[in-house]
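Below you'll find the structure, written out as structure tokens, and then a few comments.
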Amino acid sequence: MQLITTIFNLLDIIVNLYMWCFIISAIMSWLIAFNVINTGNRLIYMVGDTLYRLTEPMLRPIRNLLPNFGGIDFSPLIAILILLFLKDGILRQVYIWIAT
């Protein structure tokens, strides 16, 4: 039982970190768009590229399904909602089912 609890806690931490990647990536894209931070800085470029590589595999299919809203990208919001559903809905129910 201890191993199952550890695995589910690890999955919870991973989902939370992935949600933070979406939030930080969105904020960073706004800061780059408004020229607050410059991608000419090597550290900023590496952080932005890493976040892009982490988040884009989940965002691309969502963007393909969503209609065009002009310059507003709702795909990170949808991705976070999907992750919350996964974390709070499915993982918690499976954990309760296994624990009983």
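The values are calculated or read from the model by the stated rules, or taken from the named source; none is laboratory data. Source: prediction; values computed, not measured. Positions of Cβ are backbone-derived with ideal geometry, glycine not excepted, and every protein chain shown enters the neighbour counts. Areas reflect the complete protein model, heavy atoms only, side chains present, ligands, DNA and RNA absent. Shrake-Rupley method; radii C 1.70, N 1.55, O 1.52, S 1.80 Å.
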query: If you take the charge dipole of the range 45-100 about its Cα centre, with +1 on Lys and Arg Cβ and -1 on Asp and Glu Cβ, which of 79, 95, 58 is farthest toward its positive end?
result: 95
- prompt: Of 38, 14, 3, which is farthest along the charge dipole of the range 1-82 in the positive direction, counting Lys and Arg as +1 and Asp and Glu as -1 at C-beta?
  reply: 38
Mean Cβ count within 10 Å, highest first, over the residues of peptides 10-21, 64-75: 10-21, 64-75
- prompt: Tell me, what % of the accessible area of the chain is carbon and sulfur with a 1.4 angstrom probe?
  reply: 71 percent
field: Size of electric dipole in the chain: Cβ of Lys, Arg +1 and of Asp, Glu -1, about Cα centre, debye, nearest 20
entry: 80 debye
Kyte-Doolittle mean at least 0.5 and Cα axial length at least 20 Å: DSSP H helices in the chain: 2-33
- request: From zero up to wherever the largest Cα-Cα distance of the range 44-100 sits, split into 5 Å bins and tell me the percent of pairs in each.
  value: 4, 16, 17, 18, 16, 12, 9, 5, 2, 1
- prompt: If the chain were replaced by its equivalent ellipsoid, with semi-axes equal to the square roots of 5 times the Cα gyration tensor eigenvalues, what would those be, largest first, whole Å?
  reply: 32, 18, 9
